[in-house]
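Participant: I am attaching a structure below and will ask some questions about it afterwards.
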Amino acid sequence: MPLVREIVQRITANVSTVIIGKQREIQLTIIGLLCRGHILIEDVPGVGKTMMAKALARSMGCTFSRIQFTPDMLPSDVTGATIYNQNTGKFEFRRGPVFAQIVLTDEINRATPKTQSALLEAMEERQVTVDGATYDMPQPFLVLATQNPIEYEGTFPLPEAQLDRFLLRIQLGYPGPADEIAMLDTQQYAHPLDVLAQVVSAGELQEVQEAIKDVFVAPELKTYMVELVNATRRHPEVYLGASPRGTLALRRCAQASAAAQGRDYVMPDDVKALATAVLAHRIIVSPDARIRDITARSIVRSILSALPVPGAAVGAR
């Protein structure tokens with residue numbers, strides 16, 4: 001998969017000039033893009049969530065839109081609405097901000113559940129239905145949603161059904177001291193985003209999105225993934241485990257990770273490296289475990305350490 005590897009390296013290097021010191025998080029976002037999945041970024045304000053979405057869009061020449069979610073927002077503010085045109089005497093559909101290739105939904109948990117659900121059809125079906133008419137989303141289509149994990153006043157937590165629609169959940173975190181100094185230097189006179197060039201076309205991206213489907217997954221690795229997901233359902237500190245959609249997401253992300261490294265086969269390390277980002281947000285921790293500050297991430301890590309890994313020979317055909 002040399003083409004996939006080259007394209008991933010080009011996008012990663014380009015976005016890294018804007019988001020400094022977060023190469024792993026950038027690669028996870030690109031993996032989500034390769035899988036045609038959507039990403040939930042959960043972090044405090046000011047760490048570069050919006051900049052990452054804009055940098056991705058510019059790197060690929062994609063259209064970009066940002067939706068700032070608020071409690072008074074209506075579903076039509078996201079999807080668009082049918083409006084009567086007095087000049088033509090006809091009703092016309094005015095597309096909402098969700099009709100872009102890269103959509104940043106900022107602070108998604110500040111919108112009401114009714115408005116949050118307006119995204120569900122667009123995310124899952126790649127279409128929007130308004131007044132009985134269906135409109136297809138542009139391709140490629142990626143939703144990057146953000147939420148603040150600290151401030152919960154005036155928010156509406158995402159229901160499990162909607163969390164399950166996100167392929168990955170990632171955290172950017174604060175930059176290290178050296179990276180923060182580099183950030184000060186690069187933004188002294190202008191923002192690097194202002195001069196960011198396109199390095200990949202939307203057509204090339206769609207080509208590699210199809211290519212990762214051919215990455216080989218050995219039967220032993222499929223069994224390993226299923227056992228990993230099943231372990232989340234049987235865990236004593238889990239109220240509700242990961243869904244079958246989580247198993248499918250883990251397989252597709254592992255394929256994208258392997259292709260990004262130039263391989264046409266999945267290795268156990270691909271699965272282990274992505275399991276937390278793919279599965280943790282699909283798990284509901286039991287109330288008793290929450291009291292003891294046990295998180296879904298720590299549960300996935302404990303399962304990974306306890307579950308036997310397929311032998312080293314597993315991988316190549």
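Every read-out reported here was derived from the displayed coordinates using simple, explicitly stated rules and does not represent laboratory data. In this text the structure is predicted, and so the values were computed from the model without any measurement. Every residue, glycine among them, receives a Cβ derived from its backbone with ideal geometry; neighbour counts consider all protein chains shown.
Participant: In percent, what relative contact order does the chain have, based on Cα pairs under 8 Å that are 6 or more apart in sequence? Don't skip to the answer; put the middle values down first.
Facilitator: On the way: 562 pairs, mean separation 72.3, N = 317.
It comes to 23 percent, rounded to a whole number.
Participant: Return 166, 93 ranked ascending by Cβ neighbour count within 10 Å, so the fewest neighbours appear first.
Facilitator: Numbers: 166 24, 93 15.
Listing 166, 93 from fewest to most nearby Cβ atoms yields 93, 166.
Participant: Based on alpha-carbon centroids, what's the gap between the range 249-314 and the range 95-166 in Å, whole number please?
Facilitator: Cα centroid to Cα centroid, the span is 25 Å.
Participant: Could you state the orientation-averaged shadow area of the convex hull built on the Cα atoms of the range 20-92, in nm² to one decimal? It would help to have the intermediate numbers written out before the result.
Facilitator: Working: hull surface 31.0 nm².
Dividing the Cα hull surface by four gives the mean projection, 7.8 nm².
Participant: Go ahead and run the numbers for FRET between residue 234 and residue 84, Cβ-Cβ distance against an R0 of 41 Å, rounding to 0.05. Don't jump to the answer; show the numbers that get you there.
Facilitator: On the way: r = 56 Å, r/R0 = 1.38.
In this case the efficiency is close to 0.15.
Participant: Considering only the other residues whose Cβ falls under 15 Å of the Cβ of residue 197, what net charge follows from Lys and Arg at +1 and Asp and Glu at -1? Before the final figure, lay out the partial values.
Facilitator: Numbers: positive: 10, 54, 58; negative: 194, 204.
In short, +1.
Participant: Stick to the Cα atoms of the range 215-306, pair each with every other, and give me the Kirkwood hydrodynamic radius in Å at one decimal. Intermediate results must be reported in sequence, preceding the final value.
Facilitator: Details: mean 1/r = 0.0751 Å⁻¹.
Final number for the Kirkwood radius of the range 215-306 is 13.3 Å.
Participant: Can you sort 281, 191 by how many other beta carbons sit within 10 Å, fewest first? Don't jump to the answer; show the numbers that get you there.
Facilitator: Working: 281 23, 191 12.
Ascending Cβ contact count within 10 Å gives the list 191, 281.
Participant: Let me ask something additional. Of the DSSP beta bridges with both residues in the chain, give the percent that are antiparallel, rounding to the nearest 5. Mind dumping the intermediate values first?
Facilitator: Working: 12 of 29 bridges.
So the antiparallel bridges amount to about 40 percent of the total.
Participant: Let me have the 222 nm mean residue ellipticity of the chain computed from DSSP H runs of 4+ only, each contributing -39500 (n - 2.57), with the sum over all residues rounded to the nearest 500. Please report the intermediate quantities before stating the final value.
Facilitator: Details: 13 runs with 141 residues, N = 317.
One gets -13500 deg cm²/dmol as the mean residue ellipticity at 222 nm.
Participant: For helix 296-306, report the angle its Cα long axis makes with the longest principal axis of the Cα atoms of the chain; keep it between 0 and 90° and round to the nearest 10°.
Facilitator: 30
Participant: For the range 1-143, would you read off the P(r) tail past 22 Å as a percentage of all alpha carbon pairs?
Facilitator: Values: 4475 of 10153 pairs.
For the range 1-143, the share of Cα pairs beyond 22 Å comes to 44 percent.
Participant: Please work out the Kirkwood hydrodynamic radius for the chain, using every pair of different C-alpha atoms, and report it in angstroms with one decimal place. Kindly include the intermediate steps, with their values, before the conclusion.
Facilitator: Working: mean 1/r = 0.0482 Å⁻¹.
It works out to 20.8 Å.
Participant: I would also like to ask the following. Listing 232, 29 from the residue with the fewest other Cβ atoms within 10 Å to the one with the most, what is the order? Provide the component values of the computation, followed by the final result.
Facilitator: Details: 232 23, 29 26.
Starting with the residue having the fewest Cβ neighbours, the order is 232, 29.
Participant: Residues of the range 232-276 with amide nitrogen under 17 Å from the 7 Å Cα-to-Cβ point of residue 291?
Facilitator: What the label zone holds, given the 17 Å backbone N cut-off, is 236-239.
Participant: Using a Cα distance threshold of under 28 Å, what count of lysine pairs results for the chain when pairs must be 8 or more residues apart or interchain?
Facilitator: 11
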